[in-house]
Amino acid sequence: MTTRIGIVDNDYIVTEYLKKFITRISATWTSPVSIWTSNDPSDAIQYCCFEQPKTDVLFLDMALSDLSGPQICSSIRMMNSHTTIIGMTSYNLDIYRTALQNSGAQMLIDKANIQATVSKIMEYLKNGKPILREVGFPNTTSSPLSIQTQDDHSTLTQVEQLVVEKSLGGFSCKQIARELHITVNTVYAHRRNIRNKLHARTWQEVIINYQRQQTI
């Protein structure tokens, strides 16, 4: 089975170095490793939540444009408890530690020690072990924003609730996409799923039913 790894950093040198380093380490593995890279925060959400197969490990820079690392992590955790998220920074770790911990990441690493730390992480992946978590960091299932499996498929997910609530606030699909850092087509897909779950024929019917449920 392929291990899928994502690297999101606005420093091209760091991204390329880490990609080549991981490629070299995994060259002798019996199972393949697929690596994608980007400097766009929205790609992290897209690849981790809406692409198949989902990303297994995400190396995420903390100081990206538009969104911070903890914000991206929180957005991913609303929809995905599978991906191991490892924050990276060149700054003092204490600046991001608490926020990243609360957003559901596994680890925060110093870029100054990135080679040694990533070597250990890759060793865990090679042996099929869970990523060693930094003391005080939650695992994916204990994260405050983690997804809990629900038998009741009529229950809306957190992101679906956000889509409805944004609609109630007068947001268009394009505005919702921008707010949630997803594509407009993904918003349409969420709306379709919401209609199915609420057994509604139209979006207006969804809004009416949702408002009625909130007043019960």
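Each reported figure results from applying straightforward, stated rules to the coordinates on display, with no laboratory input. The model shown is predicted, which means the values in this text are computed figures rather than measured ones. Methodologically, a virtual Cβ is constructed for each residue, glycine included, from the backbone with ideal geometry; neighbour enumeration extends over all protein chains shown.
Can you pull out the chymotrypsin sites (Phe, Trp or Tyr not before Pro) in segment 76-128 whose DSSP state is coil and whose Cβ has at most 11 other Cβ atoms within 10 Å?
Those that pass, being in a loop and sparsely packed, are 91.
Just tell me which aspartates and glutamates come within less than 13 Å, Cα to Cα, of residue 197; anything on the same chain fewer than 8 places away is out.
The reachable aspartates and glutamates, counting only those whose Cα sits under 13 Å from residue 197, are 151, 152, 160, 205.
I'd like to compare 49-62, 167-180, 104-117: which one has the highest average count of other Cβ atoms within 10 Å, and what's the full order after that?
49-62, 104-117, 167-180
Taking K and R as +1 and D and E as -1, what net charge do the other residues with C-beta under 13 Å from the C-beta of residue 15 add up to?
Result for the neighbourhood of residue 15: -3.
For the pair residue 91 and residue 34, what calculated FRET efficiency results from E = 1/(1 + (r/R0)^6), where r is the Cβ-Cβ distance and R0 = 25 Å, to the nearest 0.05?
E(calc), rounded to 0.05, equals 0.25.
With r as the distance between the Cβ atoms of residue 50 and residue 123 and R0 = 22 Å, compute the FRET efficiency 1/(1 + (r/R0)^6) and round to 0.05.
The formula returns an efficiency of 0.15 here.
Show which lysines lie in cross-link reach of residue 174 when reach means a straight Cα distance below 22 angstrom and same-chain residues fewer than eight apart are skipped.
Hits, sequence-local ones excluded: 166.
Find how much the distance from residue 27 to residue 66 grows on full extension, using 0.36 nm per residue of separation minus their present alpha carbon separation; answer in nm with one decimal.
10.6 nm
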